[in-house]
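The values are calculated or read from the model by the stated rules, or taken from the named source; none is laboratory data. Remember, it's a predicted structure, so these values are computed and weren't measured experimentally. Heads up, the Cβs are rebuilt from the backbone with ideal geometry, glycines too, and the neighbour counts pull from every protein chain shown.
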Amino acid sequence: MRASRRATQQEQPLLHNSTPTGFAKMMTALFVLALLTMLAIWFGKRKAVFLLSLATLTTGIFWFNHHITDPLNLNF
Amino acid sequence: MLLITGICIPVIGAYWIQFVEGEFPCPLCLLQRLAMLGVAIGAMMNLRFGVRTSHYAVTIFSALFGAAVSTRQILLHIAPGNPNGSGYGSAVFGWHLYTWGLVIFMTTIGVVGLMMLFEKHFELGAVATPRPMTKPVMAVFALVIFLTAANIVSTFLMCGLSPCPDTPNQYLLLSNI
């Protein structure tokens, strides 16, 4: 039987640099951009699709950079 | 359509792990989900606007991004001295989800490479205009859009208006109610 692997809750100091700001501060924003891209495909707006895809990927890269630039205080 | 349907399977599987097994996705896991949706976006563009190399490029860039994130997560958990040597989350058929993620992304790149060998299915001479969507295409599009919307809801409930915690263990918005 697999044991549940819930992490214990701990106070974690903010160790990261390069934290995104504004709307992009929410990781949810990434999926919102992806949804807008898909809606642009649905409605046939090809140029908007490329722009939104680029925005989604760029924001994703920023979030990735945020998570790899400092040691993470992980506890599983 | 096969590529879109195929890439939806691990995203749906990730939701199974999240809601049935009760294991929350970490930020790197969320980025990998996003990359899988990005792979689907390129394939959706092919179905909607005709097969073009630029659409495959969207898929490849998304897969490269996803592979980078997966690799980072693998390296985090195999580093010497890692006190949590068993990795993050439960293993599925012996591998953790981020390992499967790397396999999926590299396979995607290989499949796209194979597809690009067949030059005749490219429509480079024609203007890329939106074409009518058949019902199967609309169904597949609806599935991907639904999964993306579901990710918006679950990520917002988990993280709220701030950056996601490195080790999420609750839905922050629901815990404050």
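For the stretch A:17-73, taking the residues that are assigned to a helix (DSSP H, G or I) and charged (D, E, K, R), the one that is modelled with the lowest pLDDT is identified as A:Lys25. Hey, can you tell me all the residues within the stretch B:13-57 that are within 7 Å of chain A (Cβ to nearest Cβ) and at pLDDT below 90? Matches in the stretch B:13-57: B:Gly22, B:Glu23, B:Pro27, B:Leu28, B:Leu30. The set of residues in the stretch B:52-79 being within 12 Å of B:Val112 (Cα to Cα) and β-branched (Val, Ile, Thr) consists of B:Thr53, B:Val58, B:Thr59, B:Ile60.
Which residue, of B:Leu117, B:Leu102, B:Leu124, is loosely packed, with under 13 Cβ neighbours inside 10 Å, at pLDDT 90 or above and out of contact with any Leu (no Cβ under 9 Å at 6 or more places or on another chain)? Lay out the reasoning, then the answer.
Values: B:Leu102 fails: loosely packed, with under 13 Cβ neighbours inside 10 Å; B:Leu124 fails: at pLDDT 90 or above.
Only one candidate qualifies: B:Leu117.
Can you confirm whether B:Val140 is within 12 Å of another protein chain (Cβ to nearest Cβ), touching a residue at least 40 places away in the same chain (Cβ under 8 Å) and under 14 Å from A:Ile41 (Cα atoms)? In short, yes.
Answer with yes or no whether B:Ser70 is more than 7 Å from chain A (Cβ to nearest Cβ) and surrounded by fewer than 24 Cβ atoms within 10 Å (Cβ to Cβ). Taking the combined requirement at face value, the residue does not satisfy it.
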